[in-house]
1. So, in the chain, how many Lys pairs have Cα atoms under 30 Å apart, if the pair is 8 or more places apart or on different chains?
2. What is the dipole size for the chain, taken about its Cα centre, with +1 at each Lys and Arg Cβ and -1 at each Asp and Glu Cβ, in debye to the nearest 20?
3. Check the cysteines of the chain one by one and keep only those with no other cysteine Cβ under 4.7 Å from their own.
4. May I ask you to evaluate 6.51 cos²θ - 1.76 cosθ + 1.60, the Karplus curve with θ = phi - 60°, for each residue of segment 12-22 and list the ³J(HN,Hα) values in order in whole Hz, giving x for glycine and proline?
5. Which peptide among 58-68, 108-118 comes first, and what is the full order, when sorted by highest mean count of other Cβ atoms within 10 Å?
6. On average over all directions, what projected area in square nanometres does the chain have, based on the convex hull of its Cα atoms?
Amino acid sequence: MSEQTKSNDAELRARLTPEQYHVTQEKGTERAFTGKYWNHKEDGKYHCIVCGELLFDSSTKFDSGCGWPSFNQQVTPEAIDVHADHSHGMVREEIVCHKCGAHLGHVFPDGPKPTGLRYCVNSASIQFEK
């Protein structure tokens with residue numbers, strides 16, 4: 001690990017809560033129905049907790065019943081990167097912040113129209129702003 005990586009890691013550990021660090025840097029998952037935003041209904045924007053990048057608009061948030069914040073599209077096609085995730089004996093599509101690579105959650109093909117997608121996001125990975 002380079003000195004730059006160590007200092008970035010130390011800064012992140014100091015700035016983020018243990019749960020935010022675990023979710024965004026170690027690909028963790030918060031328990032369903034426990035996150036700050038799973039049932040949040042205010043109008044506004046959701047940003048990456050690590051770098052502040054704009055990721056989602058509240059107009060695309062919906063109640064999927066899964067216990068995590070769910071959105072049917074990202075704010076721009078470039079906001080989020082998708083990677084294959086073969087962990088835990090499953091095949092899923094991991095979503096990460098395009099700007100900093102923070103783990104956000106997963107995307108599934110069972111969302112509402114017009115996209116048919118469900119971006120299932122950990123509350124610990126995002127910050128809401130009105």
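Read-outs: derived from the displayed coordinates by stated rules, not from any lab. Only a predicted model underlies this, so the values are computations on that prediction, with no experimental measurement involved. Using ideal geometry, Cβ is built from the backbone for each residue, glycine included, and neighbour counts are taken over all protein chains shown.
1. Here the count comes out as 29.
2. For the chain, the charge dipole is close to 260 debye.
3. Cys66, Cys120
4. Per-residue couplings from phi come out as 5, 4, 6, 8, 8, 5, x, 5, 4, 5, 4 Hz.
5. Sorting 58-68, 108-118 by mean packing, highest first, produces 58-68, 108-118.
6. With the hull built on Cα positions only, its mean projection is 8.1 nm².
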